[in-house]
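Visitor: Quick one: this structure, given as structure tokens, is what I'll be asking you about.
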């Protein structure tokens, strides 16, 4: 359930960053997508570290969730980047 919430939160954050980029005009929406990937990597890694401190979790169990939580919003951002740079 936590992974699903993190993925939804990541997609929502991507939407928010795109909206802010469009309204502010400071950064292009394509570049905002790339910026999101870096930001999301930090957030997902922080979640990985936080999950490791729970009793009963091993690193082997946490890595697949980290990859899943990071990859889905990051792939959405890459797709947006590809669409917006044209």
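FYI, it's all coordinate maths here, none of it is from the lab. As the structure is a prediction and not an experimental result, all values here were calculated from the model. A quick note on method: Cβ atoms are made from the backbone with ideal geometry, for glycine too, and the neighbour counts reach across all protein chains shown.
Visitor: Using alpha carbon centroids, what distance separates the range 1-53 and the range 59-86, in Å?
Guide: The range 1-53 and the range 59-86 have Cα centres separated by 10 Å.
Visitor: For Cα pairs less than 8 Å apart in space and 6+ apart in sequence, what is the mean separation divided by the residue count of the chain, i.e. the relative contact order in percent?
Guide: Working: 65 pairs, mean separation 35.6, N = 86.
This gives 41 percent for the chain.
Visitor: Could I ask something else about it? Can you put 65, 1 in order, fewest other beta carbons within 10 Å first?
Guide: Values: 65 17, 1 5.
The most exposed by this proxy come first: 1, 65.
Visitor: Quickly estimate the mean residue ellipticity at 222 nm for the chain, helices only: each DSSP H run with n ≥ 4 gives -39500 (n - 2.57), and the total goes over all residues, rounded to 500.
Guide: Values: 3 runs with 73 residues, N = 86.
It comes out at -30000 deg cm²/dmol, rounded to the nearest 500.
Visitor: Still on this structure, please answer the following. For a label point 7 angstrom out from the Cα of residue 85 toward its Cβ, which stretches of the range 38-55 have the backbone nitrogen within less than 16 Å?
Guide: In the range 38-55, the label zone of residue 85 (backbone N under 16 Å from the point 7 Å along Cα→Cβ) covers 38.
Visitor: Could you give the nm distance between label points at residue 12 and residue 50, where each point is 7 Å from its Cα heading toward the beta carbon?
Guide: 1.3 nm
Visitor: Now for a different question. Pairwise over distinct Cα atoms, reciprocal of the mean inverse distance: report the Kirkwood radius of the range 2-84 in Å, one decimal place.
Guide: Numbers: mean 1/r = 0.0753 Å⁻¹.
After inverting the pairwise mean of 1/r, the radius is 13.3 Å.
Visitor: Could you work out how far helix 2-24 tilts from the main Cα principal axis of the chain, as a 0 to 90 degree angle to the nearest 10?
Guide: 20 degrees
Visitor: Measure nothing fancy, just the Cα-based angle from helix 59-84's long axis to the longest principal axis of the chain, in degrees from 0 to 90, nearest 10.
Guide: The angle comes out near 10 degrees.
Visitor: While we're on this one: Picking from 13, 34, 23, which is most flexible by a Gaussian network model of the chain using Cα springs under 10 Å?
Guide: The residue that fluctuates most here is 23.
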